[in-house]
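Read-outs: derived from the displayed coordinates by stated rules, not from any lab. These numbers were taken from a predicted model, which means no experiment stands behind them. Note that each Cβ is placed from the backbone with ideal geometry, even for glycine, and that neighbours are counted across all protein chains shown.
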Amino acid sequence: MDIQRFAKKWLKPGRGSVIAMPYLWLGVFFLIPFFIVLKISFAEQDIAIPPFTSLMAYEEGFLNIKVNLSNFLFIFTDEFYFDTYISSLKVALVTTVLCLLLGYPIAYAIARTDPARRNVLLMLVMLPFWTSFLLRVYAWMGLLNENGLINTFLLWTGVISEPLQMFHTDFSLYLVMLYAYLPFMILPLYSHLVKMDVRLLEAAGDLGAKPLKAFATITLPLSRNGIIAGSMLVFIPAVGEFVIPELVGSSETLMIGKVLWNEFFDNNNWPMAAAVATVMVLLLLVPIAFFHRFETRELEGKNHV
């Protein structure tokens, strides 16, 4: 009977139970690990072991809190970390812009095509996800290096006389980043463009608006939420990308993911690595907060209408 009462009181289906599950998931798999990393960032480096020492100690009736801020002070005063953050943000921003410029026409074409063929086109967009991400990056390595398929074909056709230097350059970095993150831009844009009423464009044409003006005044504003959502899905993971810059980027490419790897595994400096990761998370909270505020205003505006 006690079990039945407990189940009826706490496990009954309803709005509260549905809402509680995502918060529970975020609390267990995001907040708790983040606070563990934050705690490590305030610790001092221990040799060959993770610094899990307590930051608080109760002695003789006093609660002593020992917080080491040297890691954060070093990050904000050392030019290397500043340049790394700026480089990571630049790479993520350029990747986002490239994905938007290429992904918007693709999403628009899929949304305006025959409904019978939309599923096939969407499957082609999502098809790369069926293959290992690392395997796809290695495939690009085989295409772009000096003895790769592209240079071999161009040399065979006589277009070039010597191999092109495409590997371990900014070109290869942005190309593979664009390839990897393009689907994350296309899918949100498609979901918004496919729901747009095409009669609005027909009405604009009847009123004398040219196609470019109709696109700028109707299609683009109505797809604004899709642009923001797709940009967030591309920008946030691109900031901390490690595999692509490490395998196809140039040796001068500075990325937060590479710095974290070096601090954790090469320098065995867990507190510094945790501090770098904490600052990166705080930087990413800015666009997330902006997106949340924008969504809130949009909902408030719809409710007032």
- Right, Thr96: assigned to a helix (DSSP H, G or I), within 30 Å of Ala275 (Cα to Cα) and touching a Ser or Thr at 6+ places or on another chain (Cβ under 7 Å) or not? yes
- Message: I'd like the residue in the range 74-91 that is surrounded by fewer than 19 Cβ atoms within 10 Å (Cβ to Cβ) and of a type in the set (A, V, I, L, M, F, W, C) and, out of all such residues, is farthest from the chain's Cα centre (by Cα).
- Response: Phe74
- Scan the range 185-192 and give yes if some residue there is in a helix (DSSP H, G or I), surrounded by 14 or more Cβ atoms within 10 Å (Cβ to Cβ) and without any contact (Cβ under 8 Å) to a residue 24 or more places away in the chain, otherwise no. no
- Task: Among the residues of the range 132-150, count how many are in contact (Cβ under 8 Å) with a residue 40 or more places away in the chain and out of contact with any Pro (no Cβ under 9 Å at 6 or more places or on another chain).
- Result: 7
- Counting only helices (runs of 4 or more DSSP H) entirely within the range 194-305, those with at least 1 residues that are buried (at least 16 other Cβ atoms within 10 Å of the Cβ) and more than 23 Å from the chain's Cα centre (by Cα) are 199-206, 211-214, 270-304
- Message: Looking at the range 92-121 only, could you name the residues that are farther than 21 Å from Gly240 by Cα and surrounded by 16 or more Cβ atoms within 10 Å (Cβ to Cβ)?
- Response: Gly103, Tyr104, Ile106, Ala107, Tyr108, Ile110, Ala111, Leu121
- Item | Residue in the range 153-164 that is over 25 Å from Gly103 (Cβ atoms), in contact (Cβ under 8 Å) with a residue 12 or more places away in the chain, buried (at least 17 other Cβ atoms within 10 Å of the Cβ) and of a type outside the set (Ser, Thr, Tyr) present | no
